[in-house]
Ligand SMILES: [Mg+2]
């Protein structure tokens, strides 16, 4: 089970490292990257945009850690507990928060039930990557459950903030691929399983788009926060790269929604390769790395060893 534990670590650390490496460059253009040193992404940077220190992560990691905390405190999936964690975090006035997430958590904090809140605030702009970015812990938690249970959990957790079918579909695709990666070391085979998952994803149009990813070139990728574009970007890199840090760096260099796209590719790569190719610098210099390590240990115990924490 050593490999499995490494995959748990790789998924969550990959997510947080991608977030912390990418956050200083949010909305950068390709031209802005050309003016930077070639090795700029080898280490963490600060950011004037959000006042971030080197190694500081943002909402992608915050919300994933909120989810893990709720899962290990309850040892079962309690939507209200996860929603409460999100609201407590929202009330700290986070430096970075997505538009749809912010609107939904504002409604929930006024007393609206979570799934009603996300429906209330949904519009054509709510097909973002804000549910997919925080879904990795749900895939890990469901390691011993069936893909059907995993998918129902992903839908329930996504609907706390995101009601748009593409936002939920994107979270299903990311969560399922992480789940397949935990069970099987062959990433091509896992990608094939994903495109054969229409009984689970139940969206032929989304499956058709995912199927088209191997035929894309890097120039086709649009690195913004629209979930379909995020899926193209991260799945393209997942198939092409075998080194987690290099995949994260390549995604960030596309510009756009750098922190979220980098955090999702970090979690996908970590779920197949574990901590391999992640030099200690990236974990040692990550904000709250000890706290994250403890949460991963607890999540592993709950998901794999059925241990209950009080
Ligand atoms: Mg962020």
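Values in this text are rule-based calculations from the coordinates and carry no lab data. As the structure is a computational prediction, the values presented were derived from the model and not from experiment. As a convention, Cβ positions derive from the backbone with ideal geometry for all residues, glycine included, and neighbour counts pool all protein chains shown.
Things worth noting here:
- Checked against the criterion of being part of a loop (DSSP other than H, G, I, E, B) and within 13 Å of the ligand (Cβ to nearest atom), region 28-45 contains not a single residue that satisfies it.
- All of 2, 85, 95 fail the test of being in contact with a helix residue (DSSP H, G or I) (Cβ under 6 Å, 6 or more places away or on another chain) and either surrounded by fewer than 24 Cβ atoms within 10 Å (Cβ to Cβ) or over 24 Å from residue 125 (Cβ atoms) (or both), apart from 85.
- Yes/no for residue 18 being in contact (Cβ under 8 Å) with a residue 40 or more places away in the chain and either surrounded by fewer than 24 Cβ atoms within 10 Å (Cβ to Cβ) or within 14 Å of the ligand (Cβ to nearest atom) (or both): yes
- Residue-level analysis places residue 77 among those that are surrounded by fewer than 24 Cβ atoms within 10 Å (Cβ to Cβ), touching a residue at least 60 places away in the same chain (Cβ under 8 Å) and either out of contact with any strand residue (DSSP E or B) (no Cβ under 6 Å at 6 or more places or on another chain) or within 17 Å of residue 131 (Cβ to Cβ) (or both).
- Among the residues of region 70-93, those identified as within 15 Å of the ligand (Cβ to nearest atom) and within 29 Å of residue 143 (Cβ to Cβ) are 86, 89, 90.
- Selected residue (only one of 61, 11, 67 is in a helix (DSSP H, G or I), touching a helix residue (DSSP H, G or I) at 6+ places or on another chain (Cβ under 9 Å) and within 13 Å of the ligand (Cβ to nearest atom)): 61
- Residue in region 116-129 that is within 16 Å of the ligand (Cβ to nearest atom), over 10 Å from residue 163 (Cβ atoms) and touching a helix residue (DSSP H, G or I) at 6+ places or on another chain (Cβ under 6 Å) present: yes
- The set of residues in region 155-168 being in a helix (DSSP H, G or I) and within 16 Å of residue 206 (Cα to Cα) consists of 155, 165, 166, 167, 168.
- Test: residue in region 105-115 that is under 22 Å from residue 176 (Cβ atoms), in contact (Cβ under 8 Å) with a residue 40 or more places away in the chain and away from the ligand (no atom under 16 Å from the Cβ): yes
- Candidates 160, 174, 135, 154: the one that is buried (at least 23 other Cβ atoms within 10 Å of the Cβ) and under 15 Å from residue 299 (Cα atoms) is 135.
- Residue list for region 86-104, restricted to those being touching a residue at least 40 places away in the same chain (Cβ under 8 Å) and under 27 Å from residue 46 (Cβ atoms): 86, 95, 96, 98, 101
- Selection status of residue 140, under 21 Å from the mean Cα position of the chain (by Cα) and more than 23 Å from residue 231 (Cβ to Cβ): no
- Residue tally, condition surrounded by fewer than 11 Cβ atoms within 10 Å (Cβ to Cβ) and farther than 23 Å from residue 267 by Cα, over region 30-54: 7
- In region 47-58, residue farthest from the ligand (Cβ to nearest atom) [restricted to those that are within 11 Å of residue 96 (Cα to Cα) and part of a loop (DSSP other than H, G, I, E, B)]: 51
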